[in-house]
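K.L.:
Here it is, the structure in full.
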Amino acid sequence: MIRTRIRELLVTTPGQDLVQAAGWIRTRRDSKGGFSFLEINDGSCFANLQVIADQGLANYASDIRRLHPGASVRVQGRLMASAGAGQAVELHATEVQVLGFCDPESYPLGKQRIHFDRLRELAHLRARTNAFGAMARVRNVLADEIHRFFQARDFLYLHAPVITANDCEGAGAMFQVTTLDLARVPRTAMGAVDYDQDFFGRRASLTVSGQLEGETYACALGDIYTFGPTFRAENSNTRRHLAEFWMIEPEMAFADLQDDAALAEALLKHTFAAVLRRCPDDLAFFEQRLQPGLLARLERLATSTFRTITYTEAVELLTKANRTFEFAPQWGMDLQSEHERYLTEEVFQGPLTVINYPRAIKAFYMRRNDDERTVAAMDVLLPEVGEIIGGSQREERLEVLERAIRDRGLDPATYNWYLDLRRFGSVPHAGFGLGFERLVQFCTGLHNIRDAIPYPRAPRTCEY
Ligand code: 4AD
Ligand code: MG
C-alpha cells in the first residue's frame with residue numbers, strides 16, 4: 001500500500017478502507033484508557049494528523065510508548081470522524097511501524113519554542129518546525145506562481161549563466177571563480193595575476209544578475225524572464241541582504257518604463273493573491289506568531305493600485321518630513337532603508353514605485369532621460385522590506401551607452417557583445433529584477449531574510 005499525504009487524508013471522508021500515512025512525530029500523549037495519541041506531520045501541510053494507537057497493537061509497549069518528537073513512523077489504519085477539537089478526522093491505527101526512533105535527550109527540536117537565531121545553526125533540521133515548514137511551502141507556491149504568471153503571458157523562461165565574465169551591475173561586488181592554486185598564484189611579467197592559466201583562461205565570477213544575457217534573448221524573442229541564483233559579495237550584514245539569493249528578471253522588447261512598472265505591479269499582486277488562496281494555514285500561522293495584520297495587508301495590496309512618484313518628489317517628501325533620519329535626505333544620494341520605510345509605511349501606507357533616479361547612483365545600462373540628470377529607473381518599495389524590485393528602461397542608443405560605460409570607469413571592450421545589441425537592430429526595451437527572498441519575507445512576515453531561504457549565505461556564514 002502506498003502512503004497518502006496528510007494534506008489529502010485531512011479532507012478525506014471517513015470510511016472503512018485502510019489508508020496509510022507516514023511522517024514524523026510531533027507529540028505523543030498517553031491516555032489512561034490504554035491508548036496513545038500521536039500527532040504526526042509529513043510536511044505536506046501545516047496541520048498534523050492525529051493517530052490513535054491502541055494498547056492492543058502488538059508493538060504498543062515495545063515501540064509506540066518509546067516514540068518521541070522527531071521519530072519517524074508509517075501508520076496504517078482507518079479514518080474516523082474525530083470527536084476532538086481541531087481536526088475533522090483521525091486515524092485509528094491497525095499497525096504502527098517505527099522507521100526511526102529519536103532520542104529525546106539529544107534531539108534539539110523538543111517541544112519548547114526555539115529562537116530563530118538558534119534555528120539558523122540547525123538549518124538541516126529546522127524544516128521540521130512549524131515556521132520553516134510553512135516558509136518552505138510558501139516559497140514553493142510563490143516560485144510556482146511566478147512561473148505561471150509569466151507563462152500565461154507568453155514570456156520565455158531563460159536560463160542565464162551562473163558563471164560569467166561580465167559585471168552586470170558594474171559594482172565589482174562579485175565572487176571570483178577560479179581553479180588557480182591560491183597558495184601559488186601564477187603571475188604575469190608585470191606581476192598581475194595570470195588569468196591566462198586559469199580554468200577559463202580569463203577572470204570569471206558568479207553572476208550578480210542575469211540581466212545582460214536576458215537582454216540578448218529579449219532582443220531576439222521578445223519577452224523573457226530568468227529565475228535563478230545570483231550572488232553578491234557585498235559585506236552587508238543586514239536583515240535584507242544575502243550573499244546568495246534568487247532573482248526573477250523579466251525583460252521586454254519594445255517596452256518602456258511605464259510598461260515595466262505595470263508588469264512589476266501585476267506580478268506582485270498576482271503573487272499576493274495566489275499565496276492567500278493557496279497557503280491559508282501557513283499564512284494564518286505567520287499572522288498569529290510573527291506579524292499580526294499580515295493577511296489583511298496582503299489582501300489589501302493584492303487589489304490595490306501602486307502609487308508612483310519621481311525620485312525628486314521622494315526627496316522633497318523626505319526633506320519636508322517632520323523627523324530626523326540617520327542619513328539626511330539629499331538630492332543625488334541613494335534612498336536609505338529608513339527613507340524607503342518612511343515613504344511606504346507612513347506617507348503612502350502601501351507599495352510605492354519610485355522612478356527617474358539620479359544618473360550617478362544607478363547602473364550604466366539605464367536609459368538616460370532628456371533632463372540629462374536622471375535615468376529611466378524604477379524601484380518598487382514595500383512596507384517593512386523596502387526595495388523589492390529594481391529595474392529600468394535600457395539605454396538603446398549606442399553612443400549614449402558607450403559614454404555611460406566609460407563615465408563609470410568601466411571598459412567598453414568587456415561589454416562589446418552587449419553593445420552589439422545596439423549596433424544591430426537596436427530596440428527600446430525594459431526589465432526589472434525581483435528579489436525572491438524579499439518577496440518570501442514580505443509574504444510571511446519573517447523578520448530576517450536569512451530565514452526566507454533554506455541555507456542562507458552571508459558574510460562569514462556558509463554552514464553546510
Ligand atoms: O536592484 P538590483 O541590484 O537590480 C539588478 O540586479 C538588475 N540587474 C535587475 C534588472 O533590472 N534585471 O537587484 C534587484 C532586486 C532588488 O530590488 C532586491 O529585491 C534583490 O534583487 N536584491 C537582493 N536580495 C537579497 N540580498 C541581496 N544582497 C540583494 N541585492 C538585491
Ligand atoms: Mg536596486
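The values are calculated or read from the model by the stated rules, or taken from the named source; none is laboratory data. All values derive from a computational prediction rather than experimental measurement. Neighbour counts run over all protein chains shown; Cβ positions are idealised from the backbone, glycine included.
K.L.:
Going by what's in this entry, would residue 316 be described as under 25 Å from residue 360 (Cα atoms) and either buried (at least 18 other Cβ atoms within 10 Å of the Cβ) or modelled with pLDDT of 95 or more (or both)? Working first, answer last.
P.N.:
On the way: under 25 Å from residue 360 (Cα atoms): yes; either buried (at least 18 other Cβ atoms within 10 Å of the Cβ) or modelled with pLDDT of 95 or more (or both): yes.
Criteria met by residue 316.
K.L.:
Starting from residues that are away from ligand 2 (no atom under 16 Å from the Cβ) and under 19 Å from residue 451 (Cβ atoms), keep the ones in segment 244-271 and report whichever is surrounded by the most Cβ atoms within 10 Å (Cβ to Cβ).
P.N.:
This residue is 271.
K.L.:
Also, quick follow-up: If you check 41, 59, which single one turns out to be surrounded by 17 or more Cβ atoms within 10 Å (Cβ to Cβ) and polar (S, T, N, Q)? Give the steps one after another, and end with the answer.
P.N.:
On the way: 59 fails: surrounded by 17 or more Cβ atoms within 10 Å (Cβ to Cβ).
Matching residue, one of 41, 59: 41.
K.L.:
OK, next. Output the number of the condition that residue 399 fails; it satisfies all remaining conditions of (1) closer than 27 Å to residue 165 by Cβ; (2) part of a strand (DSSP E or B); (3) among the acidic types (Asp, Glu).
P.N.:
Just one mismatch for residue 399, condition (2).
K.L.:
Hey, another quick one. Out of the residues in segment 211-231 that are acidic (Asp, Glu) and in a helix (DSSP H, G or I), state the one that is farthest from ligand 2 (Cβ to nearest atom). Write out each step before concluding.
P.N.:
Our first condition is that a residue be acidic (Asp, Glu); within segment 211-231, this holds for 213, 215, 223.
When the remaining residues are screened for being in a helix (DSSP H, G or I), the result is 213, 215.
Numbers: 213: 18, 215: 17 Å.
Checking each candidate, the answer is 213.
K.L.:
What's the number of the condition residue 384 fails, among (1) touching a helix residue (DSSP H, G or I) at 6+ places or on another chain (Cβ under 6 Å); (2) at pLDDT below 95?
P.N.:
Exception for residue 384: condition (1).
K.L.:
Related question: Can you find a residue that is in a loop (DSSP other than H, G, I, E, B) and either basic (Lys, Arg) or more than 22 Å from residue 247 (Cα to Cα) (or both) anywhere in segment 432-452? Give the derivation first.
P.N.:
Let us first name the residues in segment 432-452 that are in a loop (DSSP other than H, G, I, E, B), namely 445-448, 452.
Add one more test, that the residue is either basic (Lys, Arg) or more than 22 Å from residue 247 (Cα to Cα) (or both), and what stays is none.
The answer is no, given that none of the residues of segment 432-452 is in a loop (DSSP other than H, G, I, E, B) and either basic (Lys, Arg) or more than 22 Å from residue 247 (Cα to Cα) (or both).
K.L.:
Ok, one more. Does segment 319-344 hold any residues that are outside any helix (DSSP H, G or I) and buried (at least 17 other Cβ atoms within 10 Å of the Cβ), and which are they? Show your work before the answer.
P.N.:
Restricting attention to segment 319-344, the residues satisfying the condition of being outside any helix (DSSP H, G or I) are 321-336.
Hits for segment 319-344 are 329, 335.
For (1) hydroxyl-bearing (Ser, Thr, Tyr); (2) without any contact (Cβ under 8 Å) to a residue 12 or more places away in the chain; (3) touching a Pro at 6+ places or on another chain (Cβ under 8 Å), each residue gets a yes or a no:
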{"position": "392", "(1), (2), (3)": "yes, no, no"}
{"position": "398", "(1), (2), (3)": "no, no, no"}
{"position": "405", "(1), (2), (3)": "no, no, yes"}
{"position": "417", "(1), (2), (3)": "no, no, no"}
{"position": "437", "(1), (2), (3)": "no, no, no"}
{"position": "440", "(1), (2), (3)": "no, no, no"}
{"position": "449", "(1), (2), (3)": "no, no, yes"}
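K.L.:
Please go through segment 111-123 and pick out each residue that is out of contact with any strand residue (DSSP E or B) (no Cβ under 9 Å at 6 or more places or on another chain) and within 12 Å of residue 453 (Cα to Cα). Even if it seems obvious, please write down each step before you answer.
P.N.:
First pass over segment 111-123, keeping only residues out of contact with any strand residue (DSSP E or B) (no Cβ under 9 Å at 6 or more places or on another chain): 112-119, 121-123.
Of everything in segment 111-123, just one residue is out of contact with any strand residue (DSSP E or B) (no Cβ under 9 Å at 6 or more places or on another chain) and within 12 Å of residue 453 (Cα to Cα), namely 123.
K.L.:
Follow-up question, since we're still on this one. Working only within segment 115-124, note down all residues that are loosely packed, with under 15 Cβ neighbours inside 10 Å and without any contact (Cβ under 8 Å) to a residue 40 or more places away in the chain. Step through it out loud before you land on a result.
P.N.:
Applying the first criterion (loosely packed, with under 15 Cβ neighbours inside 10 Å) to segment 115-124 yields 115, 117-118, 121, 124.
Those that are loosely packed, with under 15 Cβ neighbours inside 10 Å and without any contact (Cβ under 8 Å) to a residue 40 or more places away in the chain: 115, 117, 118.
K.L.:
Assuming residue 379 fulfils every condition listed in (1) out of contact with any His (no Cβ under 9 Å at 6 or more places or on another chain); (2) within 15 Å of ligand 1 (Cβ to nearest atom); (3) in a helix (DSSP H, G or I) apart from one, which condition is it?
P.N.:
For residue 379, the failing item is (3).
So that you can scan it fast, the table gives a plain yes or no per residue for (1) among the small types (Gly, Ala, Ser); (2) modelled with pLDDT of 95 or more; (3) more than 16 Å from ligand 2 (Cβ to nearest atom):
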residue: 376; (1), (2), (3): yes, yes, no
residue: 394; (1), (2), (3): no, yes, no
residue: 404; (1), (2), (3): yes, yes, yes
residue: 420; (1), (2), (3): no, yes, yes
residue: 426; (1), (2), (3): yes, yes, yes
residue: 453; (1), (2), (3): no, yes, yes
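K.L.:
Of everything in segment 43-58, what is over 27 Å from residue 285 (Cβ atoms) and either in a strand (DSSP E or B) or of a type in the set (Ser, Thr, Tyr) (or both)? Give them in sequence order. First the steps, then the outcome.
P.N.:
Narrowing segment 43-58 to residues over 27 Å from residue 285 (Cβ atoms): 54-58.
If the condition is that a residue be over 27 Å from residue 285 (Cβ atoms) and either in a strand (DSSP E or B) or of a type in the set (Ser, Thr, Tyr) (or both), then 54 is the only one that fits.
K.L.:
Identify all residues within segment 290-313 that are surrounded by 13 or more Cβ atoms within 10 Å (Cβ to Cβ) and of a type in the set (A, V, I, L, M); write none if there are none. Step through it out loud before you land on a result.
P.N.:
Filtering segment 290-313 down to residues surrounded by 13 or more Cβ atoms within 10 Å (Cβ to Cβ) leaves 290-291, 294-295, 297-302, 304, 306-313.
290, 294, 295, 298, 301, 302, 309 - these are the residues of segment 290-313 that are surrounded by 13 or more Cβ atoms within 10 Å (Cβ to Cβ) and of a type in the set (A, V, I, L, M).
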